[in-house]
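Structure record follows, encoded as structure tokens.
The values are calculated or read from the model by the stated rules, or taken from the named source; none is laboratory data. The structure presented is a predicted model; accordingly, all values stated were derived computationally and were not measured. As a convention, Cβ positions derive from the backbone with ideal geometry for all residues, glycine included, and neighbour counts pool all protein chains shown. Heavy atoms of the whole protein, side chains included, go into the accessibility calculation; ligands, DNA and RNA do not. Shrake-Rupley method; radii C 1.70, N 1.55, O 1.52, S 1.80 Å.
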Amino acid sequence: MKYSRELIRFTGIVLFAWMSICPVFGESFLVKDGQPMADIIIAEQPPRMVKLAASELQTYIEKISGAKLSITNRPGQDIPVHIYVGKSVYTDHLKITDEGLAHDAFRMVSGTNWLVLLGQDRDFTPPEPFARNHTDIPRMLAQWDALTGDKWGNPHTAVYRRYNPVLKIWDYDARGSLMAVYEFLRGLGVRWYMPGDLGEVVPAQKNIEFGRFDKLVRPDFPYRNLGDYTPHFDGGTKDAVLWRLRLGLAYGQEFWGIGWTAHGLNYVHSRDEVKKAHPEYYALYGGKRMNGSPYPWWRDGVPCLSSPGLFQATVKYARDFFRIYPDDPLVSIMPADAYVSLCECELCRGKGTPERGYNGQLSDYVWDFVNRVAMDLYKTNPDKKVLCGAYGSYVLPPTRITKLSPNVALGIVEPRYTFQEEETYKRFREIRKGWLEKLTSGEMYIYAHYLYSRPGGAYEGIPVYFPHIIAEDMRALKGISKGDFIELSQGQQCNMHVPGFNHLNVYVTAQMYWNAGQDINALLDEYYEKFYGPAQKEMKAFIEFSEKNWALMLKQAKPVDEALKLLSAAREAAGDTVYGKRIDLLVEYCKPLKQLRDRLIRGRENVPKAAAFERNKNDIKLDGKLDDKFWEGTWVCGLSELETGRPPALQTSFHVGWSEEAMYFGIKCQERDTKNLKITAKKDGDTNIWNGDCIELLIETQVHSYYQIAVSPSGAVVNADRKEGINTSWASQAQAATFVGDDHWSAEIRIPVAGVDAETLDRLNGVAGRRPTGTYPWHINVCRQRVRDNGNEVSAWSPTGKATFHDLMKFGELVVR
């Protein structure tokens, strides 16, 4: 006998209605003595994430109890309890809906013999044009060109990377019911601290009681994006992608759309056709338009934000983008990476604000452009947003704009892990406050850098834990920020780098996204107990010590010794168990600490010390003469012969001062015949500088070892990052002025300090570090080279005892008082 689909559905509903008012058969259990007492009900044609939710629920119920609940489209007549996952005719009958459950919010509701786990679930369909894979990008761009009539890049070119072919889901799929399932499983004691089987905690129990629920859960931060770096949604392992989902993270396309958002202005000027046709769109540096560069961070070109043509093209690009992709809520016009120097064309003259320091020198320049584009776009697309990040040289709010256009959205780039330094955290809180006063839309996001473990970075191998800072910051941000985009260093196969270490900071952040008010100490105590078992006490001691002292480990051997001692004790306490295997991952990550310790033990002995005093920047005019009020009362430090330490035949002395996130050096070099100085460089970047007379500053900051800045009597400056060889593509952003007198030549040098985050977010621009203190000093050497036909004369503030300036262990100590 054949039945119509409508009759079958009607019969199912009636049966369901009968069952919902009947008593539960037997006791209230989902699993009893290892036997299933419930089934999992989903719609006949469920969204992708509902299928995954049902599968995850089935998998973990079986892992806990050994019982495998069936997944079906209709309740079984002989099954005592029914778990309804996602929307279906049965949840409709119960009048339990997903209304109002935006941003992965969910409901958990139970009745006599049923449990509903429900949120908004929606399958994503990529809008055209889009590339199916990397090789399909040319076809997509051709279609895009035809629609726009221009030759722009397209932020949707990498949309395909948000599809996972193993799980057959998009990162853009709405997943509220999946969040409900994970919350239910957490209630049973399941935890996912780290990707993979080694990272999960699953209790073993033969009985799972049928509880009572009436719960509505909304995230405190609707935007919860682990970023586009790791683990990649398409290329990461199944375990890595599932871990993202289990933590409750989400791409947040309802806020930022589905395309790439960082440095979005590149899409207007990145293509070769535009570079050739419109050189006036690009910044003028040294007489050359930057519509081509060998440096990868500038391969798309560097924009001139005063260019009328670029402005008009940007507005048209934004309008065309929203016309073709009407569901995208936002377009990024953030400038190119490493955007730190003002264009030198006539239109840009005077638009920089170097007096505001590194983080504010281009703020008015960049944000004026952003605001003008936003105001023009607002006339035709008032419901769409324009995004720009507060980043690098334009972190600070602009001073010449009282209120931003109502369609401007803001992403503040922040190094959250550095907030353990109270002054740094206070500074960023003030920056946020300043931005909120100007941000008419109120739409603020945090672009948080979690790049401390990046291979080759300053903190590689150092246990940079900061869970309490995360908790404090998320509580402070609740209600004023929509959430985070986190940039986390990438490991092998597009997965998270060193998960044995990195997982805790990410786990705590994800927990705070959903409940910023929870007790961080209780959360951590549970983590120590469940994840480290017999070593919980020792691991708590190790992580708490590391959280307080990781910054000191860069400079002092004692905290390194203590950290390694605590970690060793934890490994011993764990024994040959799964807990020991977890700690082994951390032991492997911390191996560089032993090498660091050996270097620190050798230490710096008998090196000189200097203090820079706070000064008013208005008391100096950089002209090289050292005759300003700025230098009055500062220390005068002399140089000695490099190898012998004796006084040199021609004296060299220097002063040092500090003002508004910049270090100033004033250096005076005695000379017999200033008319015959050996000047071998007259342009910045000319490495011939080392063949003639010059002075050098060698600088090791709290986070970087080390920088080299050379200055010729001509005023030419050459920069080099000496961390790994000699990298002259690094730019210090130093300003130098020289003066040649009758019996000396002198230089005044201003070096803006870019903050500790520059070490991870922009390694090629600015001095990464912060104000040097007694606890966190700089180590420097000030050196002079004098080249003559009868031989070279070399001297240094801290003599090395050998024929080279470059001995780190001889660098002297510099603090600010």
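For the reader, a short list of remarks on this structure follows.
- Accessible area per residue, Å², the chain with all protein chains present, probe 1.4 Å: 40 Å²
- Prolate/oblate/rounded label for the range 355-464 (Cα gyration tensor, a/c 1.5): prolate
- Cα centroid separation, the range 346-401 to the range 727-741 (Å): 27 Å
- Every Cα-Cα pair of the range 310-358 was included, and the share exceeding 16 Å stands at 60 percent.
- A straight chain from LYS675 to GLU572 at 0.36 nm per residue would run longer than the Cα-Cα distance by 30.0 nm.
- The accessible area of LYS215, taken with all protein chains in place and a 1.4 Å probe, comes to roughly 80 Å².
- Solvent-accessible surface ranking, highest first, for GLU443, GLU128 at 1.4 angstrom: GLU128, GLU443
- All other residues whose Cβ lies under 15 angstrom from that of ASP300 are scored, Lys and Arg at +1 and Asp and Glu at -1, for a net of +3.
- P(r) weight above 35 Å for the chain, C-alpha pairs, percent: 56 percent
- Sulfur and carbon atoms: percent of accessible area, the range 366-433 [1.4 Å]: 50 percent
- Order of exposure, largest accessible area first, which applies to ILE543, ILE601 with probe 1.4 Å: ILE601, ILE543
- Links that overshoot a 18 Å alpha carbon limit, given the list LYS621/LYS683; LYS68/LYS206; LYS275/LYS379; LYS316/LYS385: LYS621/LYS683; LYS275/LYS379
- Rounded accessible area of LEU305 (nearest 10 Å², 1.4 Å probe): 0 Å²
- When Rg and the Kirkwood radius Rh are both evaluated on Cα atoms of the range 573-663, their ratio Rg/Rh stands at 1.30.
- Cα gyration tensor category, rounded, prolate or oblate, for the range 759-799 with a/c compared to 1.5: oblate
- Helix-only mean residue ellipticity at 222 nm for the chain, each DSSP H run of n ≥ 4 adding -39500 (n - 2.57), per residue, nearest 500: -9000 deg cm²/dmol
- Assigned charges on the beta-carbon of Lys, Arg, Asp, Glu; the chain dipole about Cα centre (debye): 420 debye
- Length gained on full extension, THR399 to ASP123: 94.9 nm, using 0.36 nm per residue less the C-alpha separation.
- Net +/- balance of residues flanking LEU249 in space, Cβ distance below 12 Å, scoring K and R +1, D and E -1: +1
- For the residues THR261, THR680, a 1.4 Å probe over the protein chains yields an accessible-area ranking, largest first, of THR680, THR261.
- For the chain, the relative contact order comes to 9 percent (Cα pairs under 8 Å, sequence separation of at least 6).
- Normalised by 2.2 N^0.38 Å, where N is the number of residues, the alpha-carbon radius of gyration of the range 64-116 equals 1.26.
- Global form of the range 61-201, assessed from the alpha-carbon gyration tensor, a/c cut-off 1.5: prolate
- Heavy-atom accessible surface of the range 163-309: percent carbon and sulfur, 1.4 Å: 52 percent
- Nearest-0.05 FRET efficiency for ASP368 and LEU147, computed from C-beta distance (R0 35 Å): 0.70
- Between the range 633-666 and the range 90-137, the alpha-carbon center distance in angstrom: 66 Å
- Tilt relative to the chain, helix 422-438 - C-alpha long axis, 0 to 90 degrees, to 10: 70 degrees
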